Each structure stands twice: as C-alpha cells, then as structure tokens.
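Each remark here refers to the structure printed beneath this line.
None of the figures in this text is laboratory data; all of them are computed from the coordinates on show. In this text, all values refer to a predicted model and were calculated from it rather than measured experimentally. Cβ coordinates were reconstructed from backbone atoms using ideal geometry, including for glycine residues, and neighbour counts include every protein chain displayed.
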Amino acid sequence: MKIPQHKIEEVATATDIIDVISQYTPLRKSGRSFMGRCPFHEEKTPSFSVSQEKGVYHCFGCGKSGNVFTFLMDIDNISFTEAVKLLADKANVKIVFEDDGSDKNSFETLYEINTRAARFFHDTLMGDKGVIAKEYFHTRNIEESFYKTFGLGYSPREKDSLVKELSKDFSNDDLILSGVAVSLGTNDVRDRFRGRLMFPILSESGKVVGFGGRRLDNSGDDAKYINTNETPIYTKSRILYGLNFSKNHIRKEGFAFLVEGYMDFIQLYQHEIQNVVASSGTSLTQQQIKILSRYTDEVVVLYDSDFAGESAARRAIELLLEGNMKVSILSLPEGNDPDSYLNKYGAEKFKAILNTKQNVIEYIGNKLQKEGKLESPEGKAEFVKEIIGLIAKIRDEIRRDFYIKDISEKFSIYESSVRKELSKIGFQRSQGKPNINSQQNKNSEPEQRPELKIPQAEVNLIRLLVDADDETKKYIHANLEISHVKDSSVIKIISFILSMSETEKITHINLFNHFIDERSRDILGKALLDENYVMMDNKKSSMKDAKMLLNSLRLSNLKENINTLKSKYNSESSIPFEVMKKIQDMVNERLLLEKSLRSS
C-alpha cells in the first residue's frame, strides 16, 4: 500500500513548514529564509535554515536536511506514511491509499502490533481475567473512565496468550522486533509481559510504541516494573510518558510538572492537573528535556520524597539547568509521592502547596540544613561550591547572574568570590576535566556529521537543475557531460533529475522523498538553501550561470586529464608525439575556456 504522489504533493502544498518546525524550535526571518537553532544537535549560534517557499530545511552546522515529512520522521521517529497521514489530518486532506503489491512498511507493522497488543491488554483488564487488576486500580482510586483514556490493561499469566492472538496476522520475527514477545529458543516465542498491569507508552503523535508492565504483588524475584526493550519505533531516552495527552495543557499553563512514574502522572491528570509528564520510569535524559522544551521553558520537579526520589531529583535538576530550563522543586511531606499525596489530600490541598515550591538554591540549602551540614563554615563552603557547580550549567548569562547575586546576598559572600569559583569550573571544562555528570551528558549529545566536501560548481549545478527556468534546464540537459561530475552522490541526484520526463515535474518535495540516504539529503539541502549562491530571477542570468558552470566543470575535467596523462611519464621528453599532441590540444582548449570564463 502506498500514498499516491499527487496526494503527497497536495499535503505538502497545504502545509506550512515554518508552522511545523516552529513547534520544535523558534525561527526568525532572515533574508529569504528563516533561521533558528538546530533541533537535531546542540548549538549556540543558529545555523538551521528553513525555506518557506521551497518547503525544505538545511543545517549548516550538522548537515541535516529534508522536507516537512523527513523532519517529522527524524524528530518524532515515525514512518514516512505516518508523517504524511499526520499532516494530512491537520490540513484536512483526505488520503486514499493505492495498492502497489508491496508489503506494509515495517514501521507501520510494528505500530499495528503495539496497537493490537494494547487493545488485547485493555480487553483483558475489562474481562473476567482482569478482576484482580481492576481491584488494584480501585485501591489506588483510579476512576474507571480513565482506564480507556490511558489504555490501561492487564497481561494474562499464561506464557503465550498475546502471541497466540497476534500470530494469526504477524510473524514471530515481527512480534519479537516490536517488543511484545521474546524468543527462548527455536520455535519457543513467549509473551514479554505476563500477569502485569499494563501502561501503553505513546509517542507525541499518539501512537503506541511500547509498554510498561507493573507486577501486581511484591512476591517473587522478578522486577517490579519492566519496559519494552528498545525497538525501531521505541527509544526510551526520547519518550516522555503522557506528553501526547498533556502537551497542549503545558503550553496553556506555561510550565510542566515532571514526575517519575506512570501512576503519578495518571493521578495528577485525573485530578485535572494536566500540565504534567513522566520520565517513563527511567532517569531523565537530555533528549527528553529537548523534546519538552518545545512546549515550555519552565519545569517544576515533583519526585518522591524518599532518598531515591531526592537523588533522582538532584540529577534531573542538573540536566534541566544544562538544557536552559527554568527549574523549581516542589517537595512533598516525607513519605509521600504525588500519587499517595493526591489520594490522601486531594487536588485542592495539592494546589495550595504550590506556593511552597523552591528554587535550586533554596532546595539544596534546605536539604543540607535538615542533614545538619550547614552548621559549620566548612559545611557552608561546601554547599556554596555545590550550588555554584549547578549554576555553572546554566547557559543563559542573565539568569546565571541573578543566581550569583542570590547566593551572594543569602550567604554574605562577595560576588567576585562566586565568579572566581565559576571561572574555575569553566577552566576545568576547557581542560577536559570531568565535572558533575559531564561523562553521562557527553554520551547523550548527538554526533555531528563530517563536513560535506563537494565542489561548489556541482552544488550550484543541482540548484540550477531544480530552480532555474525551463530554457536553462533544457540547455543543461543538452550540454552537460555527466562524466565531468566527480561526486558519486551528486551524480545520483543529477541522473535522477535528468531522467525525469518533460511531463514529470521535479519538486523539492519529491526530491527529498526519493533520496533516503543522509548524504544525498545533506547535499540537496546545501544546494537548495546555500546562501553562498543566490540565483537571479531572470532567464538571461540563469543561462549565463549555466554556461559558466558547465565550462568550469569541463575546465576542471581537462586539467585532471592533462595531469593524468603527464603522470604516466618520467619527463616531458619521454612523452610520445601522439600523446604530446593530445595534451597540447587539451591545453589549447583549457586556455580558451579560461579566457571565456574570465570574460563572462
């Protein structure tokens, strides 16, 4: 099954790429394009260029390029078909699939398996086998209407209930790849989740990508919680539980509560505190923070009040500050987590304690005060150094200055002393010395790809073949010798464009949809958005550019051929007459081309 090309073009035409990308990173008008910080890698100076007119983007820092479909595919880890369908729904474009005789996209298969599994678990919860699970949810005061809202379920205790149900329509390999089944040997495929409360994990766009399963009792040696293993559609470090439900509420309220567990999220949400996300029962990651920053720049950390919860909160604070987020901490009475507190006291009392939230300095200070670590000058000095270590992670200089002044006033320390400590930390980092969590954060930063090394003439040639007037394109078609192009990826792109018939229209959309390898997309992005090459809007100038480009490619090829022929002989005197004549002819042609280029 596939989506017809004309429908893909219709969706692309009805979609403003600026509106889509602006949901993930702020963009500002800059000349003909829009610029912003790249959402695919960390950068201080904006190098991410988006053309509203062409519907394409290119990062001049990491090289990432594409159109509105590839952007959603990469940023949300979804398939091409799903990206088209998602944008079609928003643009009110009706999609009709056509049968091309091929199998479903593997991503689509995995999404369907997870969706079917979620339905199976939910139906089991609502049936006779789910009585014990429903009793548990009842004791935790989860209203039954929310079972369906969040797709809550129960996995039967039998070893292969789900496998038997789904193997009618899917292969064992696909069931294992999706994460709902495990292989214990030849022909022994079993359910991954057995006898557990099931929490479907959804992507930002609302697709089921995995599951969290909670053990119903505390007996046995198996883990209290188990999650889906990482799969092609589920990357644990990129998923925030509940974000698909809460993202609009977060935008509306201007901040997000960050909790640890599934039940914490569900309790807050059903108590109409809906600007909340959970870190999926895992340690918070920089990727999750980057995703959350699309919706807000302010986070209230709301973790358990026990030792493990406080330790997790400390790590979360560091990462949030590094992610340039405004951070405060809401500490619940000892022995409480958000789930238990709401069950005991309700939403009104919870909302009433919001004014007790603390900034980073207050939170760390109160914590150490309780531990008796601020009784001595040595203890205070250690506290100040710890706080400075956190402040050093803030990239915003103005916010960092406010924290410095706050520390100085609260602890009667000269600002210059605080800044001196900060500069020491900066020196350590510049020397490559490990700092708090520096190794852990280093591993979570995406790698930048190597710089594209392609002759500018070849890049500009692609630009002309796509954007020039018809007469110029015909001239290039008639006069270009493909052997003069040296880069293999550029050859593929140009060959594809030249192979298009006169009735087929080459567009920026179908170019990026045709080339799925990253290098080709990077080249296309550079060619179509490179500010070093500004195409004039008249035919005369475009034709002049085309002639110059073809001549420069031919000149480069001549020089290479001359050098190749000469390199075969030890000296000019040893070159045969016939070869020398051939070289001289090429030299003469080269001189004519150079003269032509100088005069043009």
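Computed quantities for the displayed model
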quantity: Bridge type composition, the chain - antiparallel percent by DSSP, nearest 5; calculated: 75
quantity: Reachable aspartates and glutamates from Lys159, criterion Cα separation under 16 angstrom, eight or more residues apart if same chain; calculated: Asp188, Asp191, Asp222
quantity: Positive-end residue of Phe411, Ile95, Phe121, charge dipole of the chain with Cβ unit charges; calculated: Phe411
quantity: Theoretical ellipticity at 222 nm over the chain - DSSP helices of four or more residues, -39500 (n - 2.57) apiece, nearest 500; calculated: -16000 deg cm²/dmol
quantity: Estimated dipole of the stretch 243-357 in Debye, rounded to 20 [Cβ of Lys and Arg +1, of Asp and Glu -1, Cα centre]; calculated: 440
quantity: Selection from Gln23, Phe71, Ser47, by position along the positive dipole direction of the stretch 19-89 (Cβ); calculated: Ser47
quantity: Nearest-20 debye value, the chain charge dipole, Cβ charges on Lys, Arg, Asp, Glu; calculated: 1380
quantity: Projected area, mean over directions - the chain, Cα convex hull, nm²; calculated: 38.3
quantity: Pair Arg190, Ile353: separation of 7 Å Cα→Cβ label points (nm); calculated: 4.2
quantity: Qualifying chymotrypsin sites (Phe, Trp or Tyr not before Pro) in the stretch 90-196, DSSP loop, other Cβ atoms within 10 Å at most 16; calculated: Phe97
quantity: Contour minus Cα-Cα distance for Lys370 and Lys424 (0.36 nm per residue); calculated: 16.5 nm
quantity: Stretch gain in nm, segment Lys544-Asp74, where the contour uses 0.36 nm per residue and the Cα spacing is subtracted; calculated: 165.4 nm
quantity: Cα-based shape type of the stretch 187-231, given that a ≥ b ≥ c are square roots of the gyration tensor eigenvalues and the cut on a/c is 1.5; calculated: oblate
quantity: In the stretch 457-508, trypsin sites (Lys or Arg not before Pro) in a DSSP loop with at most 13 other beta-carbon atoms within 10 Å; calculated: Lys505
quantity: Unit charges at the beta carbon, dipole of the stretch 106-233: most positive-side option, Val131, Gly185, Tyr147; calculated: Val131
quantity: Residue-by-residue Karplus 3J(HN,Hα) for the stretch 352-363, coefficients 6.51, -1.76, 1.60, Hz, glycine and proline x; calculated: 5, 8, 4, 6, 8, 4, 10, 7, 4, 4, 5, 5
quantity: Nearby lysines by direct alpha-carbon distance to Lys349 (threshold 17 angstrom, same-chain neighbours under 8 apart not counted); calculated: Lys357
quantity: About the Cα centre, charge dipole magnitude for the stretch 199-245 (Lys/Arg +1, Asp/Glu -1 at Cβ), debye; calculated: 140
quantity: Cα gyration tensor, the stretch 243-357 - rounded (a/c under 1.5), prolate or oblate; calculated: oblate
quantity: Long-range amide H partners of Arg196 with built H, under 5 Å; calculated: Ser155
quantity: Neighbour-limited loop hits for trypsin sites (Lys or Arg not before Pro), the stretch 79-178 (at most 10 other Cβ within 10 Å; DSSP other than H, G, I, E, B); calculated: Lys94, Lys168
quantity: The stretch 87-208: C-alpha gyration tensor shape, a/c 1.5 cut-off, then a/b vs b/c; calculated: oblate
quantity: 15 Å beta-carbon shell around Asp304, net charge (K/R +1, D/E -1); calculated: -2
